[in-house]
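Reviewing the structure listed below.
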């Protein structure tokens, strides 16, 4: 009888310990493991790329698709808006459906649709916004309007842990911006482009140089062609001047540099007796000098941005700089930015080149960020407007200029 009782006790004790192990391990798991990740579809048509992606709240890219128009617009020497609009219309349904198919999600399984509504080419924005409205009308899903530049600014948070606030530099074919990201939807604009963007400057000068006629450059955009040819060139060979170096602001201007470069090319063509379709000698030195000049101006503005943020206590003592946009893919410019960051005890983060250019992933992720905090969800999707021009946030550029901050001399040490 005693043996039976002991055996029964042992069995019950073992069962109890097993149940306790299972229940305690279950209840000790973080609560978020029990919450099903929300899923957002992002749609991007602000300029010359038709992009779509499905991303969840864990930062997982479930599916993506991109139709790039780069090769088509190379022949125009820049973006042709009407052609871009037409190609968006032709491709958007296929791009969105491909992203959904690759994600393994149907429209009904999504939690929201995010779409770029500003800034960009108006006729291109309209294609994406119109298609997003059709999707939310069909599905009843919420629509999240996305600011294109804010999306660029926050993409890095999908890949790394970056706490607010942090400094952002956006340099592309359409923009040059310095801003402080204070929250998902709150930004301070401390530096803005006054005219030609760095990417547009590179594109137009590359066209003037007829770089696409070179075999190694025929499939490259202007910025990539200049970067390729600049390797091994002497950045001090061509005496370019840098615009607005004496102005105590964080604003950017590249129109003067572009005009100067174009005049130099014309003079060199006449000197060498070649036609406008010809290629001048000394291309590597010319491209290296142009690239250096652009990098130098960007880095000077960054220096002043760090000084201003320190004075105004806008960033932590060891700040983070996120650099994005198409020009951020230029490895030489990245190295120069790393030098300035090192001098300011700052961490430099650059998303992979694939995420620096326009894509649906960044739009979907920005939608995820807003969905998580309950911000920016459209109250009336079918009436949601789109705008060609809009600032990234509160404009405090005049305050930067008013202070007239002095910054130390800059000598870039990196060679192409």
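What follows draws every value from the coordinates through simple rules; no lab data is involved. Since the structure is predicted, the reported quantities are computational estimates derived from the model, not experimental observations. All Cβ positions, even for glycine, are placed from backbone atoms using ideal geometry, and neighbour counts span all protein chains on display.
For segment 193-254 versus segment 374-404, the spacing of their alpha-carbon centroids is 29 Å. Bridges between two residues of the chain, per DSSP, are antiparallel at a rate of about 55%. Enter the Cα centre distance for the pair segment 308-341 and segment 65-119, rounded to the nearest angstrom. Each part reduced to its Cα centre gives a spacing of 30 Å. Rounded, prolate or oblate: pick one for segment 318-416, where a ≥ b ≥ c are the square roots of the eigenvalues of its C-alpha gyration tensor, a/c under 1.5 means rounded, and failing that, prolate if a/b is larger than b/c, else oblate. Prolate is the answer for segment 318-416, as a/c is 1.5 or above and a/b outweighs b/c. Across the chain, Cα pairs under 8 Å and at least six residues apart give a relative contact order of 22 percent. Among 59, 342, 126, the largest mean-square fluctuation in a Gaussian network model of the chain (Cα springs under 10 Å) belongs to 342.
Mind running the shape call on segment 71-176? Use the C-alpha gyration tensor, a ≥ b ≥ c as the square roots of the eigenvalues: rounded below 1.5 for a/c, prolate if a/b tops b/c, oblate otherwise. Please report the intermediate quantities before stating the final value.
Values: a/c = 1.82, a/b = 1.03, b/c = 1.76.
It is oblate, given that a/c is not under 1.5 and a/b is not larger than b/c.
When every alpha-carbon pair in the chain is counted, what percent end up more than 31 Å apart?
In whole percent, the share of Cα-Cα pairs in the chain beyond 31 Å is 46.
Contact order for segment 78-165, expressed relative to its length and based on alpha carbon pairs under 8 Å spaced 6+ residues apart, stands at 30 percent.
Which peptide among 406-412, 361-367, 391-397 comes first, and what is the full order, when sorted by highest mean count of other Cβ atoms within 10 Å?
On the way: 406-412: 10.6, 361-367: 31.1, 391-397: 17.9.
The most tightly packed comes first, giving 361-367, 391-397, 406-412.
For segment 262-408, averaging the sequence separation of C-alpha pairs within contact (under 8 Å, six or more residues apart) and dividing by the residue count gives a relative contact order of 21 percent.
In terms of its C-alpha gyration tensor, segment 266-379 has an oblate overall shape, because the principal axis ratio a/c (a ≥ b ≥ c, square roots of the eigenvalues) is not below 1.5 and a/b does not outweigh b/c.
Multiplying the residue separation of residue 162 and residue 335 by 0.36 nm and removing their Cα-Cα distance gives an extension gain of 60.2 nm. Largest first, the three principal axis extents of the alpha carbons in segment 116-172 are 37, 26, 15 Å in whole numbers. Between residue 375 and residue 412, the distance separating the two model label sites (each 7 Å from Cα on the Cα→Cβ line) works out to 3.4 nm. Seen against the Cα atoms of the chain and their longest principal axis, helix 122-139 is set at about 10 degrees. Peptides 172-178, 186-192, 202-208, 91-97 ordered by packing proxy, namely the average of other Cβ atoms within 10 Å per residue, highest first: 172-178, 202-208, 186-192, 91-97.
Which of the peptides 324-331, 227-234, 116-123 is most tightly packed, and how do the rest follow, judged by the mean count of other Cβ atoms within 10 Å per residue? List each step's numbers first, then the result.
Working: 324-331: 24.4, 227-234: 18.9, 116-123: 21.9.
Answer by packing, highest mean first, reads 324-331, 116-123, 227-234.
Counting helices only, and only those DSSP H runs with n ≥ 4, report the 222 nm mean residue ellipticity of the chain as the sum of -39,500 (n - 2.57) divided by its residues, in deg cm²/dmol to the nearest 500. Per the formula, -14500 deg cm²/dmol.
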